[in-house]
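*Asks:* Starting off with a structure, shown below.
The values are calculated or read from the model by the stated rules, or taken from the named source; none is laboratory data. A quick note: this is a predicted structure, and the numbers were derived from the prediction, not measured. With ideal geometry, Cβ positions are generated from the backbone for all residues, glycine too; neighbour counts draw on all protein chains shown. When the accessible area is computed, the model is the full protein with side chains, heavy atoms only, and any ligands, DNA or RNA have been set aside. Shrake-Rupley method; radii C 1.70, N 1.55, O 1.52, S 1.80 Å.
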Amino acid sequence: MRKYFIMMAVAICLGFQGNRAGEEENKKGAYIEAMEIVTTIKGNSARQVFFQRTAILNPKGKDFGVLSMVESPNIPISKYEAFAYDDKGTELGQYELSDLNKSCGFGESFQLYSDICHYSAQPIFVQYPYFLEEKAELELKSLFFWRGYDFQSGLPVKKISYELLAPLDFQFSYKIYGRFQEPEVDTLGKQVRYFWSATDIPAEAEEDYIADCHPSAARIDFMARDLSLGKFKFSGGTWQEVGRGFSLLSKDCFLKSENKTIPGESNTAAQISAARDIYNQIISDYRYVSVSVGISGWRPNPAALVEQRKYGDCKDLSILLVSRLRQAGLQAYPCLALTRGDGETDTTFPGYNFNHVFAAVMIDRDTVWMDPTCNKCPFGELPYSDENIPVLLMSDSGGILVKTPVSTPALNRTLINSSITLLPGGTYRFASNIECHGNQGNYWRSRLTGLSKDEIRECFENWPLGGSRQFKITGYNYNRDLYPDAPAVLELQGTSRKPAEHLGQVYYINPNLYGFGRYLESLELNKRTTPLDNDYPHSRIHEITFRWDSTLAVDSLAVPSDEVLEYDFARLDLTYSRNGSEAKAVLHTEMKGYYISADKMAELAEFRSRCLNLLSRPVKYFLSGR
Amino acid sequence: MFFTNYSKALLVIVLMLSASLLAGDDNEPKWGKVTDAEWQIGPPVEYPEANAVIIFDRGSLYVSFDKIELERHVRLKILTKAGIEEMADLGFSYHDDDKIKGFEAQTITPDGKKIAVDKKNVLTKTSGNWKTRTFAFSAVDSGCILEFKYANVNERYHYLDPWYFQSSIFTMESVFKLCLAAGFTYSTAVINMPAGGSRPAVSEENQAMGGGINRKMIIYTYKLNNMPPVRNEPYMGFPRSYMAAMYNQLVSAESPGFYYSYVKDWPGLGSEFQDNYLKDYLIGAKSINALTDSLTGVCTNQEDKAKAVYDYVAREIKLNDDESVYFSNENITQNLTNKYGTISDKNVLLTEMLKRSGLEAWPVLIGSRNDHIFMPELYHLRQFDYLITACKIDGGFVFLDAQSEYIPFGILPPESRVNGGLILDGGKSYLAKITYENPQTRRYDHTIIMLDSMGAAACSTHVDFQGYLAFQFGQDIAEEIEEDLIKGNFLDRLDLPYQIAGHQSHHETGDRVSLDVSYSLEGLVSNLDNHFVLKPVRFFFRENPFTNQKRFFPVDFEYPRIYQNHCEITLAEGMSVMSLPEPVKIEIDGASFSTQYLNSGQSLSMLCTLQISQPAFPHYKYEVLKKFFDQVAASMEDRVILSVAAR
């Protein structure tokens, strides 16, 4: 299971006041007039009241006019009411929870089952604008579930507030992000009232590939100093304490460490070999299945049970892996993580907001990272979603915040060796041997798994630039081993469907067979306001040998000039050579980091433009008889 | 259930069989007993890429006077590691009121070890009136056999669950037994059954009832083998419409002194629907008289009247797309006040207004083409989900559906293009074939490109949608952000960097919608020594949508259509056309494609036309169709070479 914690995503949509709608609101067809949360702390539990008012201005906004609530046994809904009004304030509809469609058991897409229930309804009215008001009261059974809230959504919000009512001696910490200001604080008898507010929160940018580092415009995080979850006591405040709390949850779940034989204690190779065998066995024999019911969303199943079932979620498989590693005498620990793509852990604010668990083993003062849910990852390689993020390693003494390894373009390299042969009639054939390392290898292993024969063929056909409309694929192959420690190796052969472009007896062949950064090709960069997520640093070295069919009389070949483009975030290095009856091109492209900051978009657009021009400069074949 | 009291008394009833009794040849597999042959199963010859197969899916539906019980036993084999992820977590759905009994699931490893599914992880999801039991098999590996069984006990005598002989997984054997207690009669409708598949083996069986009493059951066994998977592919209807399936309906039950009919005839069902849904809904319908008069007062003939009313309802009453109810308004007056209703709300209003204008009109029940199959053999209203209108104009019938302002009078929206429906006329209700016209459905993309001397392209595209394409695009443009729509449907498809300068959509009259967008493109032209190479700009069918080598069911384009793409390019001074691509002309039964290139001075014109004149292509024509679209896509690689005068 990827989601270690269920985040209560209370997607409530309401609004107000058509006459205040600006350009953005009208374009979206809706905006949120007010979002308010009032939380009252009582012992280890809390009562939370959500209020939201949304204005639906025109038909484009009607999909934002959804009444929606989520509840779980840990966070039940105790009261709910919603209303619809027209712009004169006349009530158009009134809704109770029982009026909403209910579905239970459906968690995240990767989950087989989750004990949450979703409620939703979409009241639609023909006269615009109309307004939806939603008020819900939730019971947080434990302060473990009191995390805070991100007020930025797909709609602009006029006014937001978060009110906290807590006993005088209640200890907690908070952190505000974006437009929130420090709170107003009042003492009301035995309670203290904290009040945070902000106005005019813009809608989330609707851009593709937004990097996690892009901050929220209005978020607030909380953490109670002391809390309990079932019989387990947590003490917040430091990462060490957070880790200790989680350690308690999993304490009884490990296999008994009967066998403490250390595989050649001073023999690093033997220890690595033992760890590799254990990891490979788990990713080969165990499958990922996530069932989240009650505390099992946070507490792993006993490793012995996981052994019987041969499946488990991330924490189940990690506890089993750590158990086996410990049985082998290795020093191994589970690690809590918020994976890339789901947000960024603020290392300055200890909290419980993790969604994944994997493992680390210490060998010869080095850390070897393993994610047993990634059955396509070779030993020692994490999936890219686990890379370069802060994680909480659950050591014997509590949590230790560490960072997972940063990858490099060289680790995630694709090495392509191609030959291109000009054929009689001007068509040409190509043959490529493609070696994908690191995340690139994981990508291909994952992508090709479970596909039908047709889907695999289609995948290969679409790979070269122009796909099947430009090339007839005559052959393809790949190493079908799903759990290799070796790179993914793919082979592809094809013939152009049409003759290469030619002027008289000169034939021009574009060496850029596989394009460049497909995700970049049509991305609108000039208006972009958010950092661009590159997934991970990566590189490609494409060596191409240009030849011709022996029946052709080719006088000579001409190649473009060498070029180098160097930017902070990327590099292009093109070298060409001729050698008798052959020409060679080496096209080396590299994206250096995990993301490109928003202020670099103009440079990125320039780089893309120059790259596309330079990469497509043709190699020329001069045939006899000019 | 009131039948319970009669159940024992009915034992003596012998059902008259029209067919001869055939001995069942079916050897019932036993739970957990895997045969050697099953262990030897590998990928099917017909579908060698299968990661898993259903060895058998067997269902026995017992219908007796006290309950209906479906006993199901499914056995699968995992053939590859990928098959584990595909098949090891399963589930089945059932109605909220049904009881699931005797559920068991287990993994059988190649060494014969049996591992039962952990009961803790047998869980039930709920959504509306449906539940899904979901479970994860333990200790699964490639080569394992998985099986599960359960019984669904219910009292849904009026609606027996259909049986699908196919699924998204290759099915080696699917067996359905309908076991009727003596006294029951049933009718059946089959679809997509291979030749001979719909003729059952018939046998009799005495079922022990306890107390020494036996009850005779008549058993009809249907068996199909080696059924290919039905998966989502381009240009298809909903997957179940392609699966071999059997829909059963109990007709009656009788015993001495007792007769109960489960079905009504179509007139009876029509009356029932009108009594239950329309009678109260039409109270106050007189309020529409004045409106109707004002709309039709100046009309001099029947067609003009009908058209005036249709246009009003299509345009002025906005559509509520809630498909879960027939009517979103309590009555027709409320509908008229709200000016907002479901398809049925709109079409009932249309029918009543037509009547008040002096025309003969009736509501017609149909089932959407998107998720219903019309089966006249089955007498139940579940196969319908909304109402359209039948109107008699100048002696002929016209079917109307005023759901959208983008659908002109006389044309049915794509989802209403169905085979048949039930014309509601009280006790005279009857089934009718739905007839419809094919509107001129066309898309014309006209792109003007100005090339400057450096090869930069300033473009403007005007897209004209007509007919059903206007209906589809018109709805999108009303509900989505225009710029997002332009990016997703047009510019992103070019795989070139672009910058939008402006855009505007227009809803022309009736079934015409158009769009204008101006933009600049980078990389449209590439440099070849002192020449430029120019690619055509085309947004539709850039790729062949048909990528699978084989198709097991027909291709369904729904309606005939024409796409045209016209690029007019103005060359910069000093540029001239050096070579043009060869024109293309391809024709197959039901479709044609052509390209033309013309050059005159500084202007260059590229025109391509794709016509699909036949909406449906049988599966055996798939190869021809696939090749046709290969050529259509390949024309995207046509290049114009421009020479540039030395500067």
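*Asks:* Roughly how many percent of the accessible protein surface of chain B is carbon and sulfur, given a 1.4 Å probe and a whole-percent answer?
*Replies:* Carbon and sulfur together cover 49 percent of it.
*Asks:* When Rg is the radius of gyration of the Cα atoms in the stretch B:455-504 and Rh is its Kirkwood radius, what does Rg/Rh come to?
*Replies:* Rg/Rh for the stretch B:455-504 comes to 0.99.
*Asks:* Then there's this: What relative contact order, as a whole-number percentage, does chain B give when Cα pairs under 8 Å and 6 or more residues apart are counted?
*Replies:* Averaging sequence separation for qualifying contacts and normalising by length gives 9 percent for chain B.
*Asks:* Could I ask something else about it? Give a residue-ordered list of calculated ³J(HN,Hα) values for the stretch A:53-70 (Karplus: 6.51 cos²θ - 1.76 cosθ + 1.60, θ = phi - 60°; whole Hz; x for Gly, Pro).
*Replies:* Running phi through 6.51 cos²θ - 1.76 cosθ + 1.60 with θ = phi - 60° gives 9, 10, 9, 9, 9, 7, x, 5, x, 5, 6, 7, x, 10, 8, 8, 9, 10 Hz.
*Asks:* Given N residues in chain A, what is Rg(Cα) / (2.2 N^0.38 Å)?
*Replies:* 1.14
*Asks:* OK, next. For the stretch A:368-404, list residues with backbone N below 13 Å from a point placed 7 Å from the Cα of A:SER284 toward its Cβ?
*Replies:* Label zone hits: A:379.
*Asks:* So, in nm, how far is label B:HIS619 from label A:ASN526 when the simple model puts each one 7 Å beyond its Cα toward the Cβ?
*Replies:* Roughly 5.0 nm, to one decimal.
*Asks:* Further question on the same structure: How about the stretch A:424-469: which of its residues lose at least 50 Å² of accessible area in the presence of all protein chains relative to their chain isolated, using a 1.4 Å probe?
*Replies:* Residues losing area: A:LYS453, A:ASP454, A:ARG457, A:ARG469.
*Asks:* OK, next. Each residue of the stretch B:63-74 in turn: what ³J(HN,Hα) in whole Hz from Karplus with 6.51, -1.76, 1.60 and θ = phi - 60°, glycine and Pro shown as x?
*Replies:* Residue by residue, the stretch B:63-74 yields 10, 10, 6, 9, 6, 10, 9, 9, 9, 10, 9, 10 Hz.
*Asks:* Given H placed 1.01 Å from N in the peptide plane, which residues other than close sequence neighbours of A:SER114 have an amide H under 5 Å from its amide H?
*Replies:* Here the answer is A:GLY105, A:PHE106, A:GLY107, A:SER292, since their amide H atoms fall under 5 Å of that of A:SER114.
*Asks:* Given labels modelled 7 Å from the Cα in the Cβ direction, how far is it in nm from B:ASP589 to B:GLU483?
*Replies:* 5.0 nm
*Asks:* Another question, if that's okay. Can you tell me the orientation of helix A:239-250 relative to chain A, as the angle in degrees between its alpha-carbon axis and the longest Cα principal axis, to the nearest 10?
*Replies:* Between helix and principal axis, roughly 90 degrees.
*Asks:* While we're looking at this one, here's another question. Counting only the backbone N, which residues of the stretch B:297-337 are under 18 Å from the spot 7 Å out from the Cα of A:GLN127 toward its beta-carbon?
*Replies:* The answer is B:316-320, B:329-331, B:333-337.
*Asks:* So, one more: Please list the non-local residues whose amide H lies under 5 Å from the amide H of B:ARG215, H modeled 1.01 Å from N, same-chain partners needing a gap of 5 or more.
*Replies:* Those qualifying (amide H under 5 Å, at least 5 residues apart or on another chain) are B:GLN207, B:ALA208, B:MET209.
*Asks:* So, one more: If R0 is 45 Å, what FRET efficiency do you get for B:SER520 and B:MET236 from their C-beta distance, rounded to 0.05?
*Replies:* Plugging the Cβ-Cβ distance into 1/(1 + (r/R0)^6) gives 0.75.
*Asks:* What's the average, rounded to a whole number, of partner chain beta-carbon atoms within 10 Å of each residue's beta-carbon in B:528-536?
*Replies:* Average neighbour count from other chains, rounded to a whole number: 3.
*Asks:* Now for a different question. Heavy-atom accessible area per residue, chain A, 1.4 Å probe: how many Å²?
*Replies:* Value for chain A: 40 Å² per residue.
*Asks:* Ok, one more. Can you give me the relative contact order of the stretch B:116-200 as a percent, contacts being Cα pairs under 8 Å and 6 or more apart?
*Replies:* 15 percent.
*Asks:* Indicate the gyration tensor shape class of the protein assembly as shown (rounded, prolate or oblate), computed on the Cα atoms with a ≥ b ≥ c the square roots of the eigenvalues: a/c under 1.5 is rounded; otherwise a/b larger than b/c is prolate and the rest oblate.
*Replies:* Taking the square roots of the gyration eigenvalues as a ≥ b ≥ c, the protein assembly as shown is rounded.
*Asks:* Another question, if that's okay. Tell me, rounded to the nearest percent, the portion of alpha carbon pairs in the stretch A:358-486 spaced more than 24 Å apart.
*Replies:* Result: 45 percent of Cα pairs exceed 24 Å.
*Asks:* Convert 25 °C to kelvin, take the viscosity as 0.890 mPa s, use the Kirkwood radius over C-alpha pairs of the stretch A:153-268 as Rh, and evaluate the Stokes-Einstein diffusion coefficient in µm²/s, rounded to a whole number.
*Replies:* It diffuses with D of about 132 µm²/s by this estimate.
*Asks:* In vacuum, with every alpha carbon of the stretch B:195-333 counted as one equal point scatterer, what does the Debye formula give for log10 I(q)/I(0) at q = 0.12, 0.13, 0.19 Å⁻¹? Two decimals, please.
*Replies:* -0.94, -0.99, -1.26
*Asks:* Oh, and also: Going by alpha carbons, how many degrees (0 to 90, nearest 10) lie between the helix axis of A:314-327 and the longest principal axis of chain A?
*Replies:* 80 degrees
*Asks:* May I ask you to evaluate 6.51 cos²θ - 1.76 cosθ + 1.60, the Karplus curve with θ = phi - 60°, for each residue of the stretch A:353-368 and list the ³J(HN,Hα) values in order in whole Hz, giving x for glycine and proline?
*Replies:* 7, 10, 10, 7, 10, 9, 9, 9, 10, 8, 10, 6, 6, 10, 10, 10
*Asks:* Sticking with this structure for a sec: Give the long-range amide H neighbours of B:ILE393: residues separated by 5 or more places, or on another chain, with amide H under 5 Å away, using H modelled in the peptide plane at 1.01 Å from N.
*Replies:* B:VAL398
*Asks:* OK, next. Starting from the Cα-Cα distance between A:GLN505 and A:GLU96, subtract it from 0.36 nm times their residue separation and give me the gain in nm to one decimal.
*Replies:* Length gained between A:GLN505 and A:GLU96: 139.4 nm.
*Asks:* Determine the shielding of peptide B:120-127 by partner chains: average, over its residues, the number of Cβ atoms on other chains within 10 angstrom of each Cβ.
*Replies:* What the average comes to for B:120-127 is 6.
*Asks:* Does a label point 7 Å from the Cα of B:HIS506, set along Cα-to-beta-carbon, have any residues of the stretch B:458-472 with amide nitrogen under 18 Å, and which are they?
*Replies:* B:460-467, B:470-471
*Asks:* Tell me, rounded to the nearest percent, the portion of alpha carbon pairs in the stretch A:14-132 spaced more than 26 Å apart.
*Replies:* 30 percent
*Asks:* For the stretch B:407-539, what is the convex hull volume of its Cα atoms per residue in Å³?
*Replies:* Each residue corresponds to 127 Å³ of Cα convex hull volume.
*Asks:* Take every Cα-Cα distance within the stretch B:500-589, group them into 10 Å bins from 0 onward, and report for each bin the whole-number percent of pairs it holds.
*Replies:* With 10 Å bins starting at 0, P(r) equals 9, 30, 30, 24, 7, 0.
*Asks:* Related question: If you fit an axis through the alpha-carbon atoms of helix B:622-634 and take the longest principal axis of the Cα set of chain B, what angle between them do you get, 0 to 90°, nearest 10?
*Replies:* 30 degrees
*Asks:* List the GluC sites (Glu not before Pro) within the stretch B:357-430 that DSSP assigns to loop and that have no more than 16 neighbouring Cβ atoms inside 10 Å.
*Replies:* B:GLU377
*Asks:* Take A:LYS231 and B:MET454, extend 7 Å from each Cα along the Cα→Cβ direction, and tell me the distance between the two endpoints in nm.
*Replies:* 7.5 nm
*Asks:* Report, as an integer, the average count of C-beta atoms from other chains found within 10 Å of each Cβ along A:319-327.
*Replies:* Average neighbour count from other chains, rounded to a whole number: 0.
*Asks:* Is the shape of the stretch B:219-287 rounded, prolate or oblate, going by the alpha carbon gyration tensor and its root eigenvalues a ≥ b ≥ c, with a/c under 1.5 for rounded and a/b larger than b/c for prolate?
*Replies:* Note, shape of the stretch B:219-287 comes out oblate.
*Asks:* Enter the per residue convex hull volume of the stretch A:499-603, computed from alpha-carbon coordinates, in Å³ rounded to the nearest integer.
*Replies:* 129 Å³
*Asks:* A further question follows. If R₀ is 25 angstrom, what is the calculated FRET efficiency for the pair B:GLU330 and B:LYS392, using the beta carbon separation as r and rounding to 0.05?
*Replies:* Given R0 = 25 Å and the Cβ-Cβ separation, E is 0.30.
*Asks:* Now for a different question. Tell me the per residue accessible area of the stretch B:149-232 using a 1.4 Å probe; a whole number in Å² is fine.
*Replies:* 38 Å²
*Asks:* Could you list log10 I(q)/I(0) for the stretch B:305-404 at q = 0.14 Å⁻¹, which the Debye formula gives when each Cα is one point scatterer?
*Replies:* For the requested q values the scattering log ratios are -0.51.
*Asks:* Moving to a separate point now. Name the residues of the stretch B:79-99, by number, that are at least 50 Å² less accessible with every protein chain in place than in the isolated chain; the surface is that of heavy atoms, probe 1.4 Å, without ligands or nucleic acids.
*Replies:* Buried on complex formation: B:LYS81, B:GLU85, B:ASP89.
*Asks:* Between chains A and B, what is the buried accessible area summed over both chains (1.4 Å probe, protein heavy atoms, nearest 100 Å²)?
*Replies:* Chains A and B together bury approximately 5300 Å².
*Asks:* Here is a further query. Between A:SER556 and A:ASP366, what is 0.36 nm times their sequence separation minus the Cα-Cα distance? Round to one decimal in nm.
*Replies:* Extra length available between A:SER556 and A:ASP366 comes to 63.0 nm.
*Asks:* Next question. Taking chain B, how much of its Cα-Cα pair set, in percent, is spaced more than 44 angstrom apart?
*Replies:* Result for the distance tail: 40 percent.
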